[in-house]
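Every read-out reported here was derived from the displayed coordinates using simple, explicitly stated rules and does not represent laboratory data. Predicted, not measured: the structure shown is a model, and the values here were computed from it. Cβ atoms come from the backbone with ideal geometry, glycine included; neighbour counts cover every protein chain shown.
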């Protein structure tokens, strides 16, 4: 019986049993099988060498699997990745730098801001502009009980009593001149309504006096004469004996057009200090007020809350346009004390100008 040879096929044929490999040309590789016929005798098979295997066809290279996802992006395009990352982080860096680094404005930037602010708000407040307009027309009024200024008089030492009821040592009898102060019995304010020197003030400021003096805005002093009065409105009309060359009469506006809450200001010489300016609003219209020493109440008054005190009487109540709408006449204090507590009154300019025989409009 013949023996089966040790190799029934070539090595290429054996390897091809697993899977066929496709050459580069696309045709399947031919597998060469060598089969030997059984030998006629055992001895011939043992002494016969195995035939050489046919050379295997060269297999085509198998393409490696491509990486996917971020691995593929990082591996193949690192330059694009880092460029994109830089582009994404650049705005963040700029923003952080802007937040952390303080901005130091240049001088021209500051000047532009200041100029814009002044343009929007204006250099002067409305009250300041109104005061500039009314100031040349406001005067100080002083009333005196004597008909003439006092003269120098002799001053002498007078004996007095010492401790225990004994007499002090008498003076040496010498006398020396001493100027007596010309003290006013009443001080108030006034406003020029005609540039010839006609002035409006309150009657209670000048009532009972024998001599009047007015002091103009430039410091010029002049005697004054009472030429008219309206007790029912507490108004007096004065004529100055001399006037400054640049005297300006106040402009007037109808009090009938005032509205509650409208800004106003009072100008005068409270406690002989001034000129002083206070601001407030119109608190009421057509008010009635009775002073402690008056029998008849004043009517049709303007109530306002700009501060007024003794010495403010007779001064103008002015709008923010600088126009006179009233003459300050009194203050209300429930404690009967002579100082301001938030309620003041003014006579409408229609009534005040009428006291001078003038039509204000």
Distance in Å, no decimals, from the C-alpha centre of segment 292-334 to the one of segment 240-273 is 11 Å
Would you order 251, 278, 329 from fewest to most other beta-carbon atoms within 10 Å of each residue's own beta-carbon?
251, 278, 329
Sorted peptide list for 199-207, 106-114, criterion being average Cβ within 10 angstrom, highest first:
199-207, 106-114
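Pulled fully out, how much extra length does the chain show between residue 196 and residue 110, if you take 0.36 nm times their separation in residues and subtract their Cα-Cα distance?
Net length gain for the segment: 26.0 nm.
What length, rounded to one decimal in nm, is gained on full extension from residue 129 through to residue 183, with 0.36 nm per residue of separation minus their alpha-carbon distance? Walk me through the intermediate numbers first.
Numbers: separation 54, 0.36 × 54 = 19.44 nm, distance 3.42 nm.
This chain segment gains 16.0 nm when fully extended.
Given a Förster distance of 41 Å, report the FRET efficiency between residue 337 and residue 117 from their Cβ-Cβ distance, rounded to the nearest 0.05. Before the final figure, lay out each step's value.
Details: r = 43 Å, r/R0 = 1.06.
Between residue 337 and residue 117 the formula returns 0.40.
Take the alpha carbon gyration tensor of segment 277-361, find the square roots of its eigenvalues, order them as a ≥ b ≥ c, and report rounded if a/c is under 1.5; if not, report prolate when a/b exceeds b/c, else oblate. Don't jump to the answer; show the numbers that get you there.
Working: a/c = 1.89, a/b = 1.27, b/c = 1.49.
Verdict is oblate for segment 277-361.
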